[in-house]
Amino acid sequence: MPRTISYTEALREALDEELGRDETTFFMGEDVGAFGGIFGEAAGLQQKYGKKRVFDTPISETFIVGGGVGAAITGLRPIVELQFADFVSVAMDEIYNKAAKWRYMHGGLFKVPLVIVAPEGAMGGAGPEHSQCPEALFWSAAGLYVLTPATPADAKGLLKSAIRDDNPVLFLPHKALGNTTGEVPDGEHLVPLGQAAIRRRGDDVTLVAWSAMVLKALEAADRLADEGIDVEVIDPRGIRPFDFDAVLESVEKTGRVVLAHEAPVPGGPGSEIAAVIAERAIASLEAPVKRVGAPDVPVPQSAHLERFVVPQTEDIVDAVREVAGSTVTA
């Protein structure tokens, strides 16, 4: 039977179950030991599994990821955490080149079963270096999976699947979702990687959103339904691998699409999705593809100003209205 638990509790359950299932699995990062992680995702795990399997590291992202890569290629199954997803830039070589490419570069002689947990997104004034959503940086990281869970069920199911996968995974839980709640099945719960979820069926406009934007997309869809606009909400659950088939099938049905993400619009992940839609479904489009994202500015330190940068439900509503009422012209 499903239970209602929080997003953070779901992450903790996934870590607990996988540490208990496989003794080659361990968890390391800054403050994940006795403190239990700055967001509480590892609370009690060091006490349960000991300091050899759940432990703190120096403040060195290059060591955290590089050490994880080294452990993975020797047969262990490490989970490492960067306190904020912004810090992927510090460990870019270890993530983009080492973790992602070493299996290929060594002719498949070894696997890299590494999970890099990196909480992303704005959360009430954390500032420009602790609030970003950097998933677009990894569109071209061949060999790397990038996951963005939006619900407690996906937080648990995707993390468990990521830990069991033999490929490196960048796992990006959203900080602002930590206290959100939802139903999570009892017992073994796995979510396949690269398979989108249709969060709401609709016939008029396809709305693609992930991570924290899914909740705003669903709220927007409910408001638009009162206006007679039937919105289909698709959550790809990550950008690598990306379920283009699910999105294209929806676009072929609706002919109109809005892409909503928290990252800035310039260079954001919506750019690649829009390009593929243009290449593979141009004949189905009845209106231009519309992107909703942050403007081309850093995330403000002020929590008050942050709200004007992070896309809100009203921004999505306005975008869908625009797309629903427009047509492609030659």
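The values are calculated or read from the model by the stated rules, or taken from the named source; none is laboratory data. In this text the structure is predicted, and so the values were computed from the model without any measurement. Cβ coordinates were reconstructed from backbone atoms using ideal geometry, including for glycine residues, and neighbour counts include every protein chain displayed. The area values use the complete protein model at the heavy-atom level, side chains included, leaving out ligands, DNA and RNA. Shrake-Rupley method; radii C 1.70, N 1.55, O 1.52, S 1.80 Å.
Measuring from a point 7 Å past the Cα of R307 along Cα-to-C-beta, which residues in region 234-277 have an amide N at less than 19 Å? Under cut-off, by backbone N: 262.
If you roll a 1.4 Å probe over region 196-304 with all protein chains in place, what percent of the accessible area is carbon or sulfur?
On the way: 2090 of 4400 Å².
Using a 1.4 Å probe with all protein chains present, region 196-304 comes out at 48 percent carbon and sulfur.
Helix 7-21 and the longest principal axis of the Cα set of the chain meet at an angle near 40°.
With a Förster radius of 35 Å applied to the C-beta separation of D315 and E183, the computed FRET efficiency comes to 0.80.
Pairs of C-alpha atoms in region 1-140 farther apart than 25 Å represent 29 percent of all such pairs.
By the Cα gyration tensor, region 19-74 has an equivalent ellipsoid whose semi-axes, rounded to whole angstrom, run 18, 15, 8 from largest to smallest.
Seen against the Cα atoms of the chain and their longest principal axis, helix 244-254 is set at about 20 degrees. Measuring nothing but alpha carbons in region 79-126 and taking Rh as the Kirkwood radius, the Rg to Rh ratio lands at 1.11.
Dipole magnitude for region 140-263: about 440 debye, using +1 per Lys or Arg Cβ and -1 per Asp or Glu Cβ, origin at the Cα centre. Counting only lysines at least 8 places from K98 when in the same chain, those with an alpha carbon closer than 27 Å to its own are K51, K52, K111, K156, K160, K175. Candidates V32, V276, A136 compared by Cα position along the dipole of the chain: farthest toward the positive end lies V32, with charges placed on Cβ. For region 113-188, the fraction of C-alpha pairs more than 14 angstrom apart is 64%. The residues neighbouring Q195, those whose beta-carbon lies less than 15 Å from its own, together hold a net charge of -2 under the Lys/Arg +1, Asp/Glu -1 convention. When the inverse distances between all different Cα atoms of region 183-330 are averaged and flipped, the Kirkwood radius reads 15.7 angstrom. Pairs of Cα atoms in the chain fall into 20 Å distance bins, from 0 up to the last occupied one, in shares of 33, 57, 11, 0 percent.
Local charge for S60 was computed over the other residues whose Cβ lies under 11 Å away, with Lys and Arg +1 and Asp and Glu -1, and equals -3.
With the simple spin-label model, which puts each label point 7 Å out from Cα in the Cβ direction, the Y104 to K253 separation comes to 3.4 nm. Taking the chain as the reference, fit the longest principal axis to its C-alpha atoms, fit the long axis of helix 270-281 to the helix C-alpha atoms, and give the angle between the two in degrees, 0 to 90, nearest 10. For helix 270-281, the angle is close to 60 degrees. Heavy-atom accessible surface of region 118-214, averaged per residue, reaches 31 Å², computed with a 1.4 Å probe. Taking a ≥ b ≥ c as the square roots of the eigenvalues of the Cα gyration tensor, region 57-187 is classed as oblate, since a/c reaches at least 1.5 and a/b does not exceed b/c. Grab the other residues whose beta carbon is less than 13 angstrom from that of D186, score K and R as +1, D and E as -1, and report the net. The answer is -2.
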